[in-house]
Amino acid sequence: MKHLIYISLFLFTIFSFGQNTGLIVGKVLDKEMNDSPLVLASVLVKGTSIKSDTDLTGLFVIENLEDGDYTLVCSFVGYESQEIDVHVDSNEPSEVKLSLAASSISLNDLALVMASADSDPKTTTAQ
């Protein structure tokens, strides 16, 4: 009888502390460089403060998400941001693969930036 109580208590503890959360696993790649990994790209869940950065192989993991639909926003300096919709299920991890393209700046935009930098009195040039 004593063993039955211990086994029941053990099983109750396992089921009580079991988590019903899912995770997103993904890889961020460079579209311009034959899908090489983007190191330290930022991936965040839109509308929350949940964020992850990619590692040396471009991989990221976002854990402890409730079941449901989420929008991921992926960004990297010099690249165009990309949004992707993901469904999270606690029974299996959601896998995502993102390829970011380099952003371009027009010559007119560059001229405006240079003109504003030249007219800014705070900037000084060494002579």
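The values are calculated or read from the model by the stated rules, or taken from the named source; none is laboratory data. What you are looking at is a predicted structure, and each value in this text was computed from that prediction instead of being measured. Positions of Cβ are backbone-derived with ideal geometry, glycine not excepted, and every protein chain shown enters the neighbour counts.
Within region 59-70, can you find the residues that are modelled with pLDDT of 95 or more and surrounded by 13 or more Cβ atoms within 10 Å (Cβ to Cβ)?
Selection gives Leu59, Phe60, Val61, Ile62, Tyr70.
Considering only residues that are of a type in the set (Gly, Ala, Ser) and surrounded by 15 or more Cβ atoms within 10 Å (Cβ to Cβ), look in region 34-58 and name the one that is nearest to His87 (Cα to Cα). Steps first, answer last, please.
Going residue by residue through region 34-58, those that are of a type in the set (Gly, Ala, Ser) are 36, 41-42, 47, 49, 52, 58.
When the remaining residues are screened for being surrounded by 15 or more Cβ atoms within 10 Å (Cβ to Cβ), the result is 41-42, 52, 58.
Numbers: Ala41: 21, Ser42: 19, Ser52: 17, Gly58: 21 Å.
Selected residue: Ser52.
Do you know which residues across region 44-60 are closer than 19 Å to Met33 by Cβ and not acidic (Asp, Glu)?
Passing the criteria: Thr54, Leu56, Thr57, Gly58, Leu59, Phe60.
Applying the selection to region 34-79, what residues are part of a strand (DSSP E or B), more than 12 Å from Ile24 (Cα to Cα) and within 11 Å of the chain's Cα centre (by Cα)?
In the first step, residues of region 34-79 are kept if they are part of a strand (DSSP E or B); the result is 36-37, 42-45, 51-53, 59-65, 68-75, 79.
Next, from what is left, pick out any that are more than 12 Å from Ile24 (Cα to Cα): 36-37, 42, 53, 73-75, 79.
The answer is Ser42, Asp53, Val73, Cys74, Ser75.
Go through region 1-35 and report how many residues are farther than 17 Å from Val73 by Cα and either modelled with pLDDT of 95 or more or hydrophobic (A, V, I, L, M, F, W, C) (or both).
At the first step, the residues of region 1-35 found to be farther than 17 Å from Val73 by Cα are 1-22, 32-35.
Then drop every residue that is not either modelled with pLDDT of 95 or more or hydrophobic (A, V, I, L, M, F, W, C) (or both), which leaves 1, 4-5, 7, 9-12, 14-15, 17, 33.
Matching residues across region 1-35 total 12.
Step by step: first the residues of region 80-94, then only those that are of a type in the set (D, E, K, R) and modelled with pLDDT of 95 or more, then the one that is nearest to Val25 (Cα to Cα). Which residue is that? Steps first, answer last, please.
Just the residues of region 80-94 that are of a type in the set (D, E, K, R), to begin with: 80, 83, 85, 89, 92.
Now narrow it down to the ones that are modelled with pLDDT of 95 or more: 83, 85.
Details: Glu83: 15, Asp85: 13 Å.
Step by step, filter region 80-94, then rank; the result is Asp85.
Take the residues in region 21-33 that are assigned to a strand (DSSP E or B) and aliphatic (A, V, I, L, M), then tell me which one is surrounded by the fewest Cβ atoms within 10 Å (Cβ to Cβ). Before you say what the answer is, go through the steps one by one.
Pass one, region 21-33, residues assigned to a strand (DSSP E or B): 22-30.
With aliphatic (A, V, I, L, M) added as a condition, the list becomes 23-25, 28-29.
Values: Leu23: 15, Ile24: 22, Val25: 13, Val28: 27, Leu29: 19.
That would be Val25.
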